[in-house]
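Visitor: Before I ask anything, let me first share the structure, which is written out below as structure tokens.
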Amino acid sequence: MRLPIRRPLPDAKRPWLRKETDTTIRPSNAPMSSAIYLDNHATTPLDPRVLEAMLPYLTEHFGNPSSNHLFGWVAREAVEKAREEVAALVNASPEEIIFTGGATESNNLALLGAARALAGRGRHIVSYVTEHKAVLDPLKVLAGEGFDVTLLPVERDGLHDLGLLERSLRPDTVLVSVMAANNEIGVLAPLEEIGALCAERGVLLHTDAAQALGKIPLDVRRTRIALASFSAHKLHGPRGVGALFVRRKPRVPLQPLVHGGGHERGLRSGTLNTPGIVGFGAACHIAAKEMASEAQRARALRDRLLRAILERVPDAVLNGHPVQRLPGNLNVSFPGVEGESLVTHLGDVAVSSSSACTSSLREPSHVLKALGLSDEMAYAALRFGIGRFNTEDDIVRAAERVGNAVSALRELGRASASSA
């Protein structure tokens, strides 16, 4: 059954849109209109066009996509359209996309599911010390089950040594996992070269592509990726929905983690989040059309922000490779300043002092420590994430706030030291 054609509502009935003189689409209901959001690696604001695509499936099209009646058919067709949109963004076939609750679940399904399915062939896994905790923690689980996990170091700029990876592969290696783009320093992995190396050895390659999806080109065919984890909320889609690419030819063996209904080709049981999946598909469709221009714009804003920061704080240090990184990523250490205090002093400028998923841990970033930073410099780091709705004015004001906050904190530090 074809979905009914819906005409767009007039703007007066769509309060989530706001007209901009520069034609930029941006949310209108931000809690603080003067606030500057530069934490787009933690999550991104929902694109109003994505919300518009989701709304019908939160109201009249509420059917369960597994139900065999009109309401279910409408929901099912919407899910399958979204599956096609996600697949198209990474050059996969729709049958290779399994919807999940997010990239963390996808990583767990990929790593635990593949390793356990391949245990009879080999029990050696290779990954990197700079991976997200959603990869490192499942690998700890596998180590507890008797798998041999090798975590490789990275270079001081975050790049990967392909020779070291090649030397680490053994006859019993079954899986390599590497992030497409690091969530803290934005450094990009050479997936095409790693994929070729893994293919030569008959090793499966998994990538956590949550940060990369929709921001840089990702082709699962050219890179020979076997498994790839995605999350909608990193590319201006809704939270609570993600996907796992599972290559079909040659078929990747995978043991499911969730049982009870056989949904998603038996790999992920549970009623599908139709509105979220529709939003994920819409976000991927938008990214496919706008990724190149967005990347160029984000890169220009990022470089301008770095220049402006260095003008105000000349001894600030960029963490990670200056070029081989996500277009909108900037990770900077401010000597003599504690990152959490700096975040507090920035007030309505939203940035992160570490990965959002580990910010509750009072320990230096494991990623920055892997680059060789001291605890002091790791604690002094801020991560800036530039997204679709950031403007040049955001960059100018944020750099000014950062400069003022660093100066104020250093002055407080000097005053405290002199009075001690």
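The values are calculated or read from the model by the stated rules, or taken from the named source; none is laboratory data. This is a predicted model, so every value here is computed, not measured. Cβ placement follows ideal geometry from the backbone for every residue including glycine, while neighbour counts extend to all protein chains displayed. Surface areas here come from the heavy atoms of the whole protein model, side chains and all, with no ligands, DNA or RNA. Shrake-Rupley method; radii C 1.70, N 1.55, O 1.52, S 1.80 Å.
Visitor: So Ala298 fits all but one of (1) assigned to a loop (DSSP other than H, G, I, E, B); (2) under 18 Å from the mean Cα position of the chain (by Cα); (3) of a type outside the set (Asp, Glu); what number is the exception?
Guide: With (1) assigned to a loop (DSSP other than H, G, I, E, B); (2) under 18 Å from the mean Cα position of the chain (by Cα); (3) of a type outside the set (Asp, Glu) applied to Ala298, the lone miss is (1).
Visitor: Residues Leu70, Leu46, Leu112, Leu58: which one is under 19 Å from the mean Cα position of the chain (by Cα) and in contact (Cβ under 8 Å) with a residue 40 or more places away in the chain?
Guide: Leu46
Visitor: Looking at this structure, is Arg383 loosely packed, with under 13 Cβ neighbours inside 10 Å and of a type outside the set (S, T, N, Q)?
Guide: Judged against the criteria, Arg383 is not a match.
Visitor: If only one of Glu363, Glu411, Glu376, Glu400 is open to solvent by 40 Å² or more (accessible area, probe 1.4 Å) and part of a loop (DSSP other than H, G, I, E, B), which one is it?
Guide: Of Glu363, Glu411, Glu376, Glu400, the one residue that is open to solvent by 40 Å² or more (accessible area, probe 1.4 Å) and part of a loop (DSSP other than H, G, I, E, B) is Glu363.
Visitor: Those residues that are part of a helix (DSSP H, G or I) and either in contact (Cβ under 8 Å) with a residue 40 or more places away in the chain or buried (at least 16 other Cβ atoms within 10 Å of the Cβ) (or both), I need them from segment 312-345; list them, please.
Guide: If the condition is that a residue be part of a helix (DSSP H, G or I) and either in contact (Cβ under 8 Å) with a residue 40 or more places away in the chain or buried (at least 16 other Cβ atoms within 10 Å of the Cβ) (or both), then Arg312, Gly339, Ser341, Leu342, Val343, His345 are the ones that fit.
Visitor: Listed residues Ala210, Ala228; which is open to solvent by less than 50 Å² (accessible area, probe 1.4 Å), within 21 Å of Asn182 (Cβ to Cβ) and in a strand (DSSP E or B)?
Guide: Answer to the check: Ala228.
Visitor: Still on this structure, I have one more. Output the qualifying pairs, or none if there are none: Cβ atoms under 6 angstrom, residues six or more apart or on different chains, first residue in segment 378-394 and over 20 Å from Met291 (Cβ atoms), second residue part of a helix (DSSP H, G or I).
Guide: Short answer, once both residue conditions are applied: Ala378/Leu368; Ala378/Lys369; Tyr379/Gly339; Ala380/Gly339; Ala381/Gly339; Ala381/Leu368; Leu382/Gly339.
Visitor: Give me the pairs: first residue in segment 233-246 and within 16 Å of Gly328 (Cβ to Cβ), second residue buried (at least 24 other Cβ atoms within 10 Å of the Cβ) and of a type in the set (Lys, Arg), beta-carbon distance under 9 Å, and six or more apart or on different chains, which are they?
Guide: Listed by first residue and then by second, the contacts come to Lys234/Lys215; Leu235/Lys215.
Visitor: Just give me the residues in segment 178-202 being over 15 Å from the mean Cα position of the chain (by Cα) and open to solvent by less than 10 Å² (accessible area, probe 1.4 Å), in sequence order.
Guide: Passing the criteria: Ile194, Gly195, Cys198.
Visitor: Just one of Leu267, Leu204, Leu257, Leu244 is within 21 Å of Ala119 (Cβ to Cβ) and touching a Pro at 6+ places or on another chain (Cβ under 7 Å); which is it?
Guide: Exactly one of Leu267, Leu204, Leu257, Leu244 is within 21 Å of Ala119 (Cβ to Cβ) and touching a Pro at 6+ places or on another chain (Cβ under 7 Å), namely Leu267.
Visitor: Out of all the residues in segment 243-257, which are open to solvent by less than 70 Å² (accessible area, probe 1.4 Å) and either hydroxyl-bearing (Ser, Thr, Tyr) or closer than 15 Å to Thr223 by Cα (or both)?
Guide: Phe245, Val246, Arg247
Visitor: All but one of (1) at pLDDT 95 or above; (2) out of contact with any Gly (no Cβ under 7 Å at 6 or more places or on another chain); (3) not aliphatic (A, V, I, L, M) hold for Glu85; state the number of the condition that does not hold.
Guide: The number of the failed condition is (2).
Visitor: Confirm whether Thr23 is more than 29 Å from Asn390 (Cα to Cα), modelled with pLDDT under 95 and not in a helix (DSSP H, G or I).
Guide: In short, no.
Visitor: Also: Any idea which of (1) surrounded by fewer than 16 Cβ atoms within 10 Å (Cβ to Cβ); (2) over 19 Å from Cys284 (Cβ atoms); (3) not acidic (Asp, Glu) is the one Trp73 doesn't satisfy?
Guide: Of the numbered conditions (1) surrounded by fewer than 16 Cβ atoms within 10 Å (Cβ to Cβ); (2) over 19 Å from Cys284 (Cβ atoms); (3) not acidic (Asp, Glu), the odd one out for Trp73 is (1).
Visitor: Which number in (1) under 24 Å from the mean Cα position of the chain (by Cα); (2) on the phi < 0 side of the Ramachandran plot; (3) of a type outside the set (D, E, K, R) marks the one condition that Val313 misses?
Guide: (1)
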